[in-house]
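Enquirer: Below are the structure tokens for one structure; questions will follow.
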Amino acid sequence: MTTQTLYDKLWQAHVVRDNGDGSALIYIDRHLLHEVTSPQAFDGLRLNARLPWRLAANLAVADHNVPTTDRSLGIADPISRTQVEALDSNCAEYGITEFQMNDARQGIVHVIGPEQGATLPGMTVVCGDSHTSTHGAFGALAFGIGTSEVEHALATQTLVLKKAKNMRVAVRGQVAPGITAKDIVLAIIGQIGTAGGTGHAIEFAGEAITALSMEGRMTVCNMAIEAGARAGLIAVDQTTIDYVRGRPFSPKGEALAKAIPYWQSLHSDAMAVFDTEVMIDGSTIKPQVTWGTSPEMVLPVDGHVPDPAREADPTRRQGIERALQYMGLTANMPVTDIVIDKVFIGSCTNARIEDMRAAAKVVAGKRVAGNVKLAMIVPGSGLVKRQAEQEGLDQIFRAAGFEWREPGCSMCLGMNADQLSPGERCASTSNRNFEGRQGAGGRTHLVSPAMAAAAAVAGHFVDIRSF
Amino acid sequence: MQAFTQVSGTVAPLDRANVDTDAIIPKQYLKSIKRTGFGVYLFDDARYLDRGDLDIDVATRRLNPDFALNQARYVGASILLARENFGCGSSREHAVWALADFGFRAVIAPSYADIFYNNSFKNGFLPIVLPADVVQGLFEALAAQDGYTLSIDLPAQTVTTPDGQPFNFEIDPFRKDCLVRGLDEIGLTLQHADAIRDYEARRAAEAPWLFAS
Ligand code: SF4
């Protein structure tokens, strides 16, 4: 029993029943819900006269549709309002704990889970949202599910799953000053591609990963899905335990004393064998900027936009041409010549307190460039917002010309009013640069909070290392 | 759930790799709290020249004549032919609901993103994996012939071309069985309610903090 990967351990601890065909019934410890992917699941329960299996396993929050401006008047868009009200009434009907829109603890589902201690090491965590991979930073098996599975998890506290393959991405050595978790994960995706982790659970390891704070680790695991992996994982260590301790939902006293030794066992054994291994030298990672319409279309900030003429493979060449056209870029242009219209610092990838601090450090005493029409900061939760305000970060942002907003998903996907207009170019700390993701025709460049803040001040991308 | 055994029908092409679920069904439609009615919004950004929303009547919108699904030869298509990593990105099951609501029963591609693949089976919709060279051949055959059809036989795990050439595909036995019989997976799982309760009792003894309310 000394050759298990972390994923193997988590899997084994949650098998309710082995189906004998490579699939198993897996127990779900924590189910997070939000307004977009749950209404049809609740309808399904009602239709079949079923009840949630274990109420306390569920925690709900409205995040995707909520406005980030003054909320005292409720939600103006009637369709968004209906969806948020449906979550409120479903949670009330079944007795599920929900942080409603005006609750101080409200925020992006993947920010509030860890913040509340609702995400714990060794748990299985699911949510009807692909970025559930975020919670893997805690040595939890966490992955996104569809609405049918939301209903299945509600009704049975289990899911029928097929075991994934094991992949380890080791980032060796230390990264240079100015290089953040976001740069690390974008560099990984640039190397293995958006389908590189398909069918796998990726464990991120190596000194550069271990050196990250929990916030940084969440950023890395958040984007495991952008590398094709449903789940990302990082072994539990003292950093994890220190973060978890003392949060509202986390165990206390005797329960904590019992939990800690178990948590400390949540790492891959020294002799564990992975189906796929990738090694990256952390010292070679530069600040990253995506140039195209897929997270794998990424470059170091000192790079040049690719030239389709140099791509031999016809499908890839077509992909580059299409992306250049959509993004309104010319082949071979330096990344630092890309001029931006908007800046979005937020999302479940980069809206935690550490991200707020990193951005504030860059903009302190400076001004947003004249060509930038809107620079907005959207904290990941009400508690992140409050903490940032206690540290005076909101004042720094406001003085620099940023808008300081209420927490939610916001322009990460623009389901609320925060959207790009056609052709607008955005430096964004979110996770997806797909066509139209932040608004129809909008152009997204994914970067770290520090790089986004620097771009806001310069009006174009700049190398944070020499900013 | 609608059972899936044999399906024969017209094939429509979507010749792009990495088609993400944002492209299959854009965000504004995710505000619907219903499970049906998404078919008219399938591939909305590519299919229409103007922007749509839940409260805009699609009949008033301008179709993009260059998009395959708007062309007469693909009307009534029930099988979609696609490229690598189809369905990547967001977990939205709305992507599968839109494909099924439009009238597709199956998609054929060399590979899929995991969550999309998984969601498909819960909706009587079959994602078939065929090797990239076979898919390339199908794209060529489809381009060469109007009204090109394929026949899918799920119990036999074959896709057969109009000239009778069969291609075998792999599928997980449990998923196949649920699809062929149109089974309700939740109902099946609840047959193991005792096993779930046993697990909970065992786990609560080992890790009581997981069951604190
Ligand atoms: S912030 Fe963006 S990626 Fe994260 S849950 Fe919200 S919409 Fe999804």
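Enquirer: Sort A:63-74, A:204-215 for me by packing, meaning the mean count of neighbouring Cβ atoms within 10 Å per residue, highest on top.
Expert: Put in order of decreasing packing, that is A:204-215, A:63-74.
Enquirer: Here's something else I'd like to know. Roll a 1.4 Å probe over the protein chains and send me the accessible area per residue for region B:6-182 in Å².
Expert: Counting only protein heavy atoms, the per-residue value for region B:6-182 is 37 Å².
Enquirer: Report the FRET efficiency, 1/(1 + (r/R0)^6), for A:Asp302 and A:Arg172, where r is their Cβ-Cβ distance and R0 is 25 Å, rounded to 0.05.
Expert: For A:Asp302 and A:Arg172, the calculated efficiency is 0.70.
Enquirer: So how far, in whole Å, is the C-alpha centre of region A:1-27 from the one of region A:201-253?
Expert: 20 Å
Enquirer: Excluding the sites themselves, what is the longest stretch of chain B that contains no trypsin sites (Lys or Arg not before Pro) in a DSSP loop with at most 13 other C-beta atoms within 10 Å?
Expert: It works out to B:63-213.
Enquirer: Need one word for region A:348-432: rounded, prolate or oblate. Basis is the Cα gyration tensor (sqrt eigenvalues a ≥ b ≥ c); a/c below 1.5 gives rounded, then a/b vs b/c decides.
Expert: Here region A:348-432 falls in the oblate category.
Enquirer: Here's another thing I want to ask about it. Averaging sequence separations of C-alpha pairs under 8 Å and six or more residues apart, then dividing by the length of region B:6-182, give the relative contact order as a whole percent.
Expert: Computed over region B:6-182, the figure is 25 percent.
Enquirer: A follow-up question, please. Any idea what % of Cα-Cα pairs in chain B are farther than 27 Å?
Expert: When every Cα pair of chain B is considered, 38 percent fall beyond 27 Å.
Enquirer: Among A:Thr315, A:Leu299, A:Met271, which residue has its Cα positioned farthest towards the positive end of the charge dipole of region A:255-316, with +1 placed on the Cβ of Lys and Arg, -1 on the Cβ of Asp and Glu, and the dipole taken about the Cα centre?
Expert: A:Met271
Enquirer: Oh, and also: Over the protein assembly as shown, with every protein chain in place, what whole percent of the accessible area is carbon and sulfur at 1.4 Å, could you tell me?
Expert: Carbon plus sulfur share of accessible area: 51 percent.
Enquirer: Any idea of A:Lys163's accessible area? Nearest 10 Å², probe 1.4 Å.
Expert: 80 Å²
Enquirer: Okay, next question. Which aspartates and glutamates have a Cα less than 16 Å from the Cα of A:Lys366, not counting those fewer than 8 places away in the same chain?
Expert: Output for A:Lys366: A:Asp394, A:Glu403.
Enquirer: Per residue of region B:116-131, what does 6.51 cos²θ - 1.76 cosθ + 1.60 with θ = phi - 60° give for ³J(HN,Hα)? Whole Hz please, x for Gly and Pro, Karplus curve as stated.
Expert: Working through the residues one at a time gives 4, 4, 5, 4, 4, 5, 7, 10, x, 10, 9, x, 9, 9, 10, x Hz.
Enquirer: Suppose a student asked you for the relative contact order of region A:281-433, using Cα pairs under 8 Å spaced at least 6 residues apart; what percent would you report?
Expert: 25 percent
Enquirer: If you don't mind, there's one more thing I want to ask. How many partner chain Cβ atoms sit within 10 Å of a residue's Cβ in peptide A:137-148, on average, as a whole number?
Expert: 4
Enquirer: Going by accessible area, probe 1.4 Å, with all protein chains left in place, what is the ranking of A:Glu35, B:Glu206, A:Glu98, A:Glu254, largest first?
Expert: The most accessible residue leads, giving A:Glu254, B:Glu206, A:Glu98, A:Glu35.
Enquirer: Ignoring ligands, DNA and RNA, what accessible area per residue does chain A give at 1.4 Å, in Å²?
Expert: 32 Å²
Enquirer: From the phi angles alone, apply the Karplus equation (6.51, -1.76, 1.60; θ = phi - 60°) to region A:284-295 and give each ³J(HN,Hα) in whole Hz, x where the residue is Gly or Pro.
Expert: Those phi angles translate into 8, 7, 10, x, 9, 9, 7, 10, x, 10, 8, x Hz.
Enquirer: Counting only other residues whose beta carbon sits under 9 Å from that of A:Gly382, what net charge do I get with K and R as +1, D and E as -1?
Expert: After counting each charged neighbour, the total is +1.
Enquirer: Can you work out the FRET efficiency for the pair B:Val180 and A:Lys162, with r the C-beta to C-beta distance and R0 = 25 Å, to the nearest 0.05?
Expert: 0.90
Enquirer: I need the calculated FRET efficiency for the pair B:Arg61 and B:Ser151, taking r as the beta carbon distance and R₀ as 30 Å, to the nearest 0.05.
Expert: With R0 = 30 Å, the Cβ-Cβ based efficiency is 0.30.
Enquirer: Under a plain spin-label model, where a point goes 7 Å from the Cα along Cα-to-Cβ, how far apart in nm are A:Tyr94 and B:Asp163?
Expert: Taking the two extended label points, one gets 5.3 nm.
Enquirer: Pop out a list of residues from region B:178-213 that are at least 50 Å² less accessible with all the protein chains around than in their chain alone; 1.4 Å probe, no ligands or nucleic acids counted.
Expert: Those residues are B:Ile186, B:Thr189, B:Leu190, B:His192, B:Ile196, B:Tyr199, B:Glu200, B:Arg203, B:Trp209, B:Leu210.
Enquirer: Accessible area drop of at least 30 Å² (1.4 Å probe, protein heavy atoms): which residues of region B:110-129 qualify, relative to the chain alone?
Expert: Relative to the lone chain, where solvent access is computed with a 1.4 Å probe, region B:110-129 loses at least 30 Å² at B:Asp114, B:Ile115, B:Asn118, B:Lys122.
Enquirer: Another question about this same structure. With labels modelled as points extended 7 Å from the Cα through the Cβ direction, what inter-label distance (nm, one decimal) is found for A:Arg465 paired with A:Leu256?
Expert: Between A:Arg465 and A:Leu256, the simple spin-label model gives 4.1 nm.
Enquirer: Is the shape of the protein assembly as shown best called rounded, prolate or oblate, per the rule: a/c under 1.5 gives rounded, else a/b larger than b/c gives prolate, else oblate, with a ≥ b ≥ c the square roots of the Cα gyration tensor eigenvalues?
Expert: It is rounded, given that a/c, with a ≥ b ≥ c, falls under 1.5.
Enquirer: Right, another one. Report the accessible surface area buried between chains B and A, summing both sides, using a 1.4 Å probe on protein heavy atoms only, in Å² rounded to the nearest 100.
Expert: For chain B against chain A, roughly 5200 Å² becomes buried.
Enquirer: I would also like to ask the following. Can you compute 3J(HN,Hα) from phi for each residue in region B:176-183, using the Karplus curve 6.51 cos²θ - 1.76 cosθ + 1.60 with θ = phi - 60°, rounded to whole Hz and x for Gly and Pro?
Expert: Result, rounded to whole Hz: 4, 4, 4, 6, 4, 9, x, 7.
Enquirer: Still on this model: With each run of n ≥ 4 DSSP H residues scored as -39500 (n - 2.57), what mean residue ellipticity at 222 nm is computed for the protein assembly as shown after dividing by its residue count and rounding to the nearest 500 deg cm²/dmol?
Expert: Rounded to the nearest 500, it is -9000 deg cm²/dmol.
Enquirer: I'd like to compare A:192-200, A:274-282: which one has the highest average count of other Cβ atoms within 10 Å, and what's the full order after that?
Expert: A:192-200, A:274-282
Enquirer: Let me ask you something else. Using alpha carbon centroids, what distance separates region A:451-467 and region A:281-300, in Å?
Expert: Value for the Cα centre distance between the two parts: 15 Å.
Enquirer: Further question on the same structure: Which cross-chain or sequence-distant (5 or more) residues have an amide H under 5 Å from the amide H of A:Val16, H modelled 1.01 Å from N in plane?
Expert: A:Leu25, A:Ile26, A:Tyr27
Enquirer: Turning to a different aspect of this structure: Between B:Ala72 and A:Gln264, how many nm apart are label points set 7 Å from Cα along the C-beta direction?
Expert: 7.6 nm
Enquirer: Turning to a different aspect of this structure: Distance check, please: which entries in A:Lys373/B:Lys31; A:Lys162/A:Lys252; A:Lys163/B:Lys122; A:Lys361/B:Lys31 exceed 26 angstrom between their Cα atoms?
Expert: A:Lys373/B:Lys31; A:Lys162/A:Lys252; A:Lys361/B:Lys31
Enquirer: Also: Got the relative contact order for region A:198-314 handy, in percent, Cα pairs under 8 Å and 6 or more residues apart?
Expert: The value is 18 percent.
Enquirer: For a quick check: with amide H placed at 1.01 Å from N, whose amide H comes under 5 Å from A:Glu403's, ignoring anything fewer than 5 positions away on the same chain?
Expert: Amide H neighbours of A:Glu403: A:Ala375, A:Met376, A:Ile377.
Enquirer: Quick one: which residues, 5 or more positions from A:Gly199 or on another chain, have an amide H under 5 Å from its amide H? H modelled 1.01 Å from N in the peptide plane, none for Pro or chain starts.
Expert: It is A:Arg230, B:Asp114, by chain and number.
The values are calculated or read from the model by the stated rules, or taken from the named source; none is laboratory data. Given the structure is predicted, the values throughout are model-derived calculations rather than measurements. Virtual Cβ from ideal backbone geometry, glycine too; neighbours counted across all protein chains shown. For the accessible areas, the whole protein counts, side chains as well, though only heavy atoms, and no ligand, DNA or RNA atoms are used. Shrake-Rupley method; radii C 1.70, N 1.55, O 1.52, S 1.80 Å.
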